[in-house]
1. Please count how many residues of region 188-201 are in a loop (DSSP other than H, G, I, E, B), exposed (fewer than 12 other Cβ atoms within 10 Å of the Cβ) and not small (Gly, Ala, Ser).
2. Of everything in region 110-119, what is surrounded by 13 or more Cβ atoms within 10 Å (Cβ to Cβ) and assigned to a helix (DSSP H, G or I)? Give them in sequence order.
3. Pick out the one residue from 122, 156, 181, 150 that is among the aliphatic types (A, V, I, L, M), in contact (Cβ under 8 Å) with a residue 12 or more places away in the chain and in a helix (DSSP H, G or I).
4. When residues of region 83-98 are filtered for being of a type in the set (Gly, Ala, Ser), in contact (Cβ under 8 Å) with a residue 12 or more places away in the chain and surrounded by fewer than 20 Cβ atoms within 10 Å (Cβ to Cβ), how many remain?
5. If you go through region 179-187 one residue at a time, do you hit one that is at pLDDT below 95, exposed (fewer than 13 other Cβ atoms within 10 Å of the Cβ) and assigned by TED's automatic domain parsing to the domain that holds residue 96?
6. Hand me the list of strands (runs of 3 or more DSSP E) wholly inside region 7-82 holding 3 or more residues that are surrounded by fewer than 18 Cβ atoms within 10 Å (Cβ to Cβ).
7. Give the residues of region 159-178 that are part of a helix (DSSP H, G or I) and in contact (Cβ under 8 Å) with a residue 12 or more places away in the chain, sorted by residue number.
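The values are calculated or read from the model by the stated rules, or taken from the named source; none is laboratory data. What you see is a predicted model; the values in this text were computed from it and never measured. So basically every Cβ, Gly included, is an ideal-geometry build from the backbone, and we count neighbours across all protein chains shown.
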Amino acid sequence: MKLYTKPGSCSTADHIALEWTGQPYEVEVMTAQAMKSPEYLALNPSGTVPTLVDGDFVLTQNAAIMGYIADSYPDAGLIGDGSARQRAIATRWLAFVNADLHPAFNPLFAPARFHADAAQHAGLKTAARGRVRDLFKVADAALEGRQWLAGFRSHADAYFYMTLRWAGFVGIDMTGLDNLAAYRAHMDADEGVQAVLKAEGLS
């Protein structure tokens with residue numbers, strides 16, 4: 001498998017998931033300019049990351065790639081023990097990050113996409129920070145007494161970790177979210193995470 005990733009974006013989560021499998025893979029670290037090249041657009045016409053290439057199979061969209069990695073390497077346990085219940089729990093948290101938490105950051109990253117009047121951007125960002133914090137509170141409560149979102153390490157953890165990194169860059173108030181602080185610390189110390197951060201120039 002070969003992953004195309006941009007440092008610090010959601011695609012870094014796919015990189016972590018691949019590293020956690022313990023299996024060989026390739027990675028190409030992209031720039032914004034490279035993502036708009038004809039060669040890359042032939043793989044991913046939207047000009048975004050991640051993109052995963054496995055032989056003649058090309059896959060885009062983070063959640064789909066996470067599921068493909070987990071299914072391709074079941075021994076890594078990224079969707080649990082193989083039971084329908086654990087798969088569902090892992091997928092539930094992946095969906096939470098992909099469909100709820102990640103989009104909640106978008107007004108903070110690109111407020112002009114949501115309101116053309118720059119004078120409205122500060123208020124938009126304030127509202128977005130509140131929404132992100134509310135979602136983080138949900139995860140903080142779920143992490144009470146356990147180390148992983150699903151109760152076992154899953155692909156959702158790799159994705160959720162990236163959102164915690166974003167939180168520091170966009171001024172999310174993390175006061176009182178002690179379970180998230182502990183979670184962030186053990187993820188920061190994870191050998192696979194450290195390897196990926198180093199490979200993408202983020203350490």
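1. 0
2. 111
3. Checking each option against the conditions leaves just 156.
4. Total satisfying the criteria: 1.
5. no
6. Working: elements: 26-29, 51-54, 57-60.
In region 7-82, 26-29, 57-60 are the strands (runs of 3 or more DSSP E) which contain 3 or more residues that are surrounded by fewer than 18 Cβ atoms within 10 Å (Cβ to Cβ).
7. 159, 160, 161, 162, 163, 164, 165, 166, 167, 170, 178
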